[in-house]
1. If a residue counts only when it is open to solvent by less than 30 Å² (accessible area, probe 1.4 Å) and hydroxyl-bearing (Ser, Thr, Tyr), which helices (runs of 4 or more DSSP H) contained entirely in the range 181-270 have at least 1 such residues?
2. Look through 124, 140 and report the one residue that is within 16 Å of the ligand (Cβ to nearest atom) and surrounded by 15 or more Cβ atoms within 10 Å (Cβ to Cβ).
3. Sort through 69, 135, 73, 126 and tell me the only one that's in contact (Cβ under 8 Å) with a residue 24 or more places away in the chain and touching an Asp or Glu at 6+ places or on another chain (Cβ under 6 Å).
4. So residue 155 fits all but one of (1) out of contact with any strand residue (DSSP E or B) (no Cβ under 8 Å at 6 or more places or on another chain); (2) more than 18 Å from residue 98 (Cβ to Cβ); (3) open to solvent by less than 60 Å² (accessible area, probe 1.4 Å); (4) assigned to a helix (DSSP H, G or I); what number is the exception?
5. Spot the failing condition for residue 41; the list is (1) over 21 Å from residue 254 (Cβ atoms); (2) away from the ligand (no atom under 11 Å from the Cβ); (3) open to solvent by 20 Å² or more (accessible area, probe 1.4 Å); (4) under 17 Å from the mean Cα position of the chain (by Cα), and only one is missed.
6. Has the range 97-119 got at least one residue that is in contact with a Ser or Thr (Cβ under 6 Å, 6 or more places away or on another chain), within 16 Å of the ligand (Cβ to nearest atom) and modelled with pLDDT under 95?
7. Take the residues of the range 55-84 that are away from the ligand (no atom under 15 Å from the Cβ) and polar (S, T, N, Q): which is surrounded by the fewest Cβ atoms within 10 Å (Cβ to Cβ)?
8. What pairs come up if the first residue lies in the range 188-204 and is over 24 Å from residue 148 (Cβ atoms) and of a type in the set (A, V, I, L, M), the second is in a loop (DSSP other than H, G, I, E, B) and within 14 Å of the ligand (Cβ to nearest atom), and their beta carbons are under 8 Å apart, counting only those six or more places apart or on different chains?
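The values are calculated or read from the model by the stated rules, or taken from the named source; none is laboratory data. Remember, it's a predicted structure, so these values are computed and weren't measured experimentally. Note that we place each Cβ from the backbone using ideal geometry, even for glycine, and neighbour counts take in every protein chain shown. Accessible surface areas use protein heavy atoms only, side chains included; no ligands, DNA or RNA. Shrake-Rupley method; radii C 1.70, N 1.55, O 1.52, S 1.80 Å.
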Amino acid sequence: MAVGIFDSGLGGLTVLDAVGQRLPDVPFVYFADSKHTPYGVRDADDIYALTTAAVERLWEAGCDLVILACNTASAAALRRMQESWVPRDKRVLGVFVPLIEALTERQWGDNSPPREVAVQHVALFATPATVRSRAFQRELAFRAIGVDVEAQACGGLVDAIEDGDMILAEALVRSHVDALKRKMPEPEAAILGCTHYPLMQEVFQDALGPSVSVYSQANLVAESLADYLARHPEMLGPGTESGFLTTGNPVKVSQNATQFLRRRISFTTA
Ligand code: DGL
């Protein structure tokens, strides 16, 4: 009854931690495409090819349901995968919708027409590929009207976090927040639209100031997954083992992952 969690690298571990706490009896298989990270600087065809290869590997590991715990893959590849690639007995879900439902205060599956919501000025911090896709604005427009979104592509930040260079990561966060504030001086809410960014959430909050509500995905995705599995228990695949797979060097990836989550994580070759 395993579920697959996919990310281009280690950022999705923030989601894995939250879903693991919410659903302690479910085995999760985590796949980090460390050899090809970052995805945020790749084009959509490249991201599609890499993401589908990783999802196939998770299906092989007995995970009929795979969560793309990667905004870049969710933004650039998920729609195409769902429309023409995912077989009937499998599911691939992204991480955008739970976040937008929280921002627009909607319940799961509320398909009523878009309406005005409490927040009007929203800052989106994401990778260049996610910003370019405009997937966040598209999904938001299905649910809310009158929301002004200013997106800031945070070049370099994923690399700094993957390398464990937190001094550089902090400097990059502060300079990207400054750049955003020049375009939108008073955002009411900020979306951390990349799974790596919750690791820098305190710095984002500090740079943005206390009046800005910072939304990050991990707990929102965990709630949505619990709700989905309660309604679709048949999507718990045949796998029984938890595990961590990587396309990179398992020793190095395990070291960085252990540093991230502050508990021992052991990756094997995918
Ligand atoms: N952590 C991923 C995301 O949520 C991708 C980062 C990257 O590979 O550029 O967007």
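1. On the way: elements: 201-208, 218-231, 250-261.
Helices (runs of 4 or more DSSP H) meeting the threshold: 218-231, 250-261.
2. Numbers: 140 fails: within 16 Å of the ligand (Cβ to nearest atom).
The conditions single out 124.
3. Testing whether each residue is in contact (Cβ under 8 Å) with a residue 24 or more places away in the chain and touching an Asp or Glu at 6+ places or on another chain (Cβ under 6 Å) leaves just 69.
4. Checking residue 155 against (1) out of contact with any strand residue (DSSP E or B) (no Cβ under 8 Å at 6 or more places or on another chain); (2) more than 18 Å from residue 98 (Cβ to Cβ); (3) open to solvent by less than 60 Å² (accessible area, probe 1.4 Å); (4) assigned to a helix (DSSP H, G or I), the one that fails is (4).
5. The number of the failed condition is (2).
6. Of the residues in the range 97-119, the ones in contact with a Ser or Thr (Cβ under 6 Å, 6 or more places away or on another chain) are 98, 117.
When the remaining residues are screened for being within 16 Å of the ligand (Cβ to nearest atom), the result is 98.
Subsequent filtering for residues that are modelled with pLDDT under 95 retains 98.
Within the range 97-119 (the criterion being in contact with a Ser or Thr (Cβ under 6 Å, 6 or more places away or on another chain), within 16 Å of the ligand (Cβ to nearest atom) and modelled with pLDDT under 95), the answer is yes, since at least one residue qualifies.
7. Among those that are away from the ligand (no atom under 15 Å from the Cβ) and polar (S, T, N, Q), it is 84.
8. That search, which allows pairs on different chains as well, returns 199/11.
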